[in-house]
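The values are calculated or read from the model by the stated rules, or taken from the named source; none is laboratory data. Remember, it's a predicted structure, so these values are computed and weren't measured experimentally. A quick note on method: Cβ atoms are made from the backbone with ideal geometry, for glycine too, and the neighbour counts reach across all protein chains shown. These accessible areas exclude ligands, DNA and RNA; they are computed on the full protein's heavy atoms, side chains included. Shrake-Rupley method; radii C 1.70, N 1.55, O 1.52, S 1.80 Å.
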Amino acid sequence: MATLSETYACTPTTERGRGILISGDSRSDSIAYCNGRSVIIRSLRSPLLDASVYADHSYPVTVARFSPNGEWVASADTSGTVRVWGRHGDRALKNEFRVLSGRIDDLQWSPDGQRIVASGDGKGKSFVRAFMWDSGTNVGEFDGHSRRVLSCDFKPTRPFRIVTCGEDFLVNFYEGPPFRFKLSLRDHSNFVNCVRFSPDGSKFISVSSDKKGLIYDGKSGEKMGELSGEGGHKGSIYAVSWSPDSKKVLTVSADKSAKVWDIMDGGNGRLNKTLACPGSGGLDDMLVGCLWQNDHLVTVSLGGTFTVFSASDPDKIPLSFSGHMKSVTALDAFLQDGQKVILSSSYDGVIVRWMQGIGYAGRLERKDNSQIKCFAVVEEEIVASGFDNKVWRIPLRGDQCGDAECIDIGAQPKDVSLALKSPALALVSTEAGVVILRGPKVMSTIKFGYPVTASVVSPDGSEAIVGGQDGKLHIYSIAGDTLTEDTVLEKHRGAISVIRYSPDASMFASGDVNREAVVWDRVTREVKLKNMLYHTARINCLAWSPDSTKVATGSLDTCVIVYEVDKPASSRITIKGAHLGGVYGLAFSDESCVVSSGEDACVRVWRLTQ
């Protein structure tokens, strides 16, 4: 059987010009955020490894919030649906409600955990709705907004109040329950991005794209003051979070800075400290989300980088970590200085380095951040291809990339394979044939009379296998820069999607789009393991264990299946639901650990036991 050993979580989905919401549970020191159809919960005590994922939404999730007692989570998506589910155990669904007719941008629990208010885009209808968490019954009418409502909050003390803000530049104040419109506050001159009550309920603050933060009385809604213009933000303020004692706030802005403000009794805010967030100062360093939880000041950048400061010692070097935001399409694992290192790449061109047992170990910065379709790794080099007819040979120097060499092969690459014993030799397949590379030079471009879908070169560089659209495997011997066809193997009933040699080069395995995998003996060309037909959709990736005794397949059906070569295929190990949306990358880090990646932008390590 296989047990989940580690999850290297994705980063939140971000959008330029919009803030994102990170919610927290102060009791367990956990945070929750969203990426695609997943809700990710991470502990701030060990954020690099301690992550869990909830993936039962049918549409992209926009916000998730812990209930006041920390036992339940309410999450909302772009269809206007709110799901309330148990945080622990099997994550039982308590209720599901269709709340708005469009995307939900924010939601909040009432302090007694009985009501939920949600706001967003109502597509011309209601933009805000409050309801009972167990029955869905409405608890008020929310008039007063004419455009999308970006944020809402519940007053955490009695008498209850709800405050909302949005793209109509308004901050609206409601009394209840049942909630009724009380007044509109028209002090902002641009989108109002976020509004939050202080934990003691005495005040609330709104922040806007007009670079202002305004403080109001929590009970009456009257304006009390604003954040000082002296040392203030130079760009749109996207998010705000109160300190637990209600005396300070944390703000983040498009000007790439995070600031801590002292809130006076009279309501004005004075700058306490500007936090130095790491980064190169580029577009991805804009800050779009923040959270003040216990002693942690958490900020999130547009590029998805978390930075965690200490509130009691803000000059202390902060902890920074990141991950993938988009689908992880390629993966490899190897030993470096005795440490198990995993490299993963997403199609937006981000390459992340992970260390097994430690977690996130940094992004590999490249001068050219072009998209990556597939890559192959040896200990000192990455060979990557994208969607632009180019192959990049990137030197790997520890945890950094050297200057890459670019090779234009004249057609879009489909697959990249390295001869592991002489890694200067690379085989790149295109629609019409293959290209042989030796170092940064194209040795030959060979056209075939059939459409090519996959290819691989043997570890010693003496043989190549090319898979076709017709399901046939063509085996060629390599001599210099020429290929000579030796034989054609026919067993597959669909186009070949992946081929890989075993590490000892005695076997090779192939997978097709018709969900079948086959293990072949390299010498006799006979089928070594058959009836590998347990996936329900196309096979995307395939990996061998270092001792060549196991082969793992990953599929669009979200499953990973591990076979032992010397046992019947029926004695397989199946990992169901490994990655929401499909598995796209597989590698073994040792004989008993398989690493997988997929559409959900996460990387997972599975431990195999008999």
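The figures follow:
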{"quantity": "Test set (1) buried (at least 19 other Cβ atoms within 10 Å of the Cβ); (2) over 31 Å from the mean Cα position of the chain (by Cα) - Arg196 fails condition number", "calculated": "(2)"}
{"quantity": "Enumeration of residues in region 130-159 that are farther than 20 Å from Ser184 by Cα, part of a strand (DSSP E or B) and open to solvent by less than 40 Å² (accessible area, probe 1.4 Å)", "calculated": "Phe131"}
{"quantity": "Residue in region 533-544 that is surrounded by 21 or more Cβ atoms within 10 Å (Cβ to Cβ) and either of a type in the set (Lys, Arg) or in contact with a helix residue (DSSP H, G or I) (Cβ under 6 Å, 6 or more places away or on another chain) (or both) present", "calculated": "no"}
{"quantity": "All positions within region 302-341 that are among the hydroxyl-bearing types (Ser, Thr, Tyr), more than 23 Å from the chain's Cα centre (by Cα) and not in a loop (DSSP other than H, G, I, E, B)", "calculated": "Ser310"}
{"quantity": "Number of the exception - Tyr584 against (1) hydroxyl-bearing (Ser, Thr, Tyr); (2) free of Cβ contacts under 8 Å to residues at least 60 places away in the same chain; (3) assigned to a strand (DSSP E or B)", "calculated": "(2)"}
{"quantity": "Where Tyr238 falls short, out of the listed (1) under 22 Å from Arg161 (Cβ atoms); (2) modelled with pLDDT of 95 or more; (3) not basic (Lys, Arg)", "calculated": "(1)"}
{"quantity": "Failed criterion for Val603 (all others in (1) buried (at least 21 other Cβ atoms within 10 Å of the Cβ); (2) of a type outside the set (Ser, Thr, Tyr); (3) closer than 20 Å to Met532 by Cβ hold)", "calculated": "(3)"}
{"quantity": "Of the criteria (1) without any contact (Cβ under 8 Å) to a residue 60 or more places away in the chain; (2) within 22 Å of Val605 (Cα to Cα), which one Ala330 fails", "calculated": "(1)"}
{"quantity": "Residue in region 83-99 that is assigned to a strand (DSSP E or B), closer than 25 Å to Val288 by Cβ and open to solvent by less than 10 Å² (accessible area, probe 1.4 Å) present", "calculated": "no"}
{"quantity": "Breaking point among (1) over 23 Å from Ile573 (Cα atoms); (2) part of a strand (DSSP E or B), for Arg525", "calculated": "(2)"}
{"quantity": "Unmet requirement for Thr62, which otherwise passes all of (1) of a type in the set (S, T, N, Q); (2) in contact with a Phe, Trp or Tyr (Cβ under 8 Å, 6 or more places away or on another chain); (3) open to solvent by 10 Å² or more (accessible area, probe 1.4 Å); (4) in a strand (DSSP E or B)", "calculated": "(2)"}
{"quantity": "Test: residue in region 160-169 that is within 21 Å of Gly80 (Cα to Cα), in contact (Cβ under 8 Å) with a residue 60 or more places away in the chain, of a type outside the set (D, E, K, R) and buried (at least 22 other Cβ atoms within 10 Å of the Cβ)", "calculated": "no"}
{"quantity": "Any hit, region 43-51, residues being hydroxyl-bearing (Ser, Thr, Tyr) and under 14 Å from the mean Cα position of the chain (by Cα)", "calculated": "no"}
{"quantity": "Region 176-190: number of residues that are closer than 16 Å to Asn138 by Cβ and either open to solvent by 10 Å² or more (accessible area, probe 1.4 Å) or of a type in the set (Gly, Ala, Ser) (or both)", "calculated": "5"}
{"quantity": "Residue count, region 215-252 (criterion: aromatic (Phe, Trp, Tyr) and either in contact with a Pro (Cβ under 6 Å, 6 or more places away or on another chain) or surrounded by fewer than 23 Cβ atoms within 10 Å (Cβ to Cβ) (or both))", "calculated": "1"}
{"quantity": "From Gly577, Gly581, Gly598, residue being buried (at least 18 other Cβ atoms within 10 Å of the Cβ) and among the small types (Gly, Ala, Ser)", "calculated": "Gly598"}
{"quantity": "When residues of region 3-23 are limited to those that are crowded, with 21+ Cβ neighbours inside 10 Å and small (Gly, Ala, Ser), the one nearest to Leu48 (Cα to Cα)", "calculated": "Ala9"}
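Yes/no matrix, rows are residues, columns are (1) on the phi > 0 side of the Ramachandran plot; (2) open to solvent by 60 Å² or more (accessible area, probe 1.4 Å):
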| residue | (1), (2) |
| --- | --- |
| Gly471 | yes, no |
| Ile475 | no, no |
| Ile478 | no, no |
| Asp481 | no, yes |
| Val498 | no, no |
| Arg522 | no, no |
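Residue-by-condition table, conditions (1) in contact (Cβ under 8 Å) with a residue 12 or more places away in the chain; (2) over 19 Å from Leu418 (Cβ atoms); (3) open to solvent by 40 Å² or more (accessible area, probe 1.4 Å); (4) hydroxyl-bearing (Ser, Thr, Tyr):
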site: Thr430; (1), (2), (3), (4): yes, no, no, yes
site: Val435; (1), (2), (3), (4): yes, no, no, no
site: Arg438; (1), (2), (3), (4): yes, no, yes, no
site: Ile446; (1), (2), (3), (4): yes, no, no, no
site: Ser458; (1), (2), (3), (4): yes, no, no, yes
site: Gly461; (1), (2), (3), (4): yes, no, no, no
site: Val466; (1), (2), (3), (4): yes, no, no, no
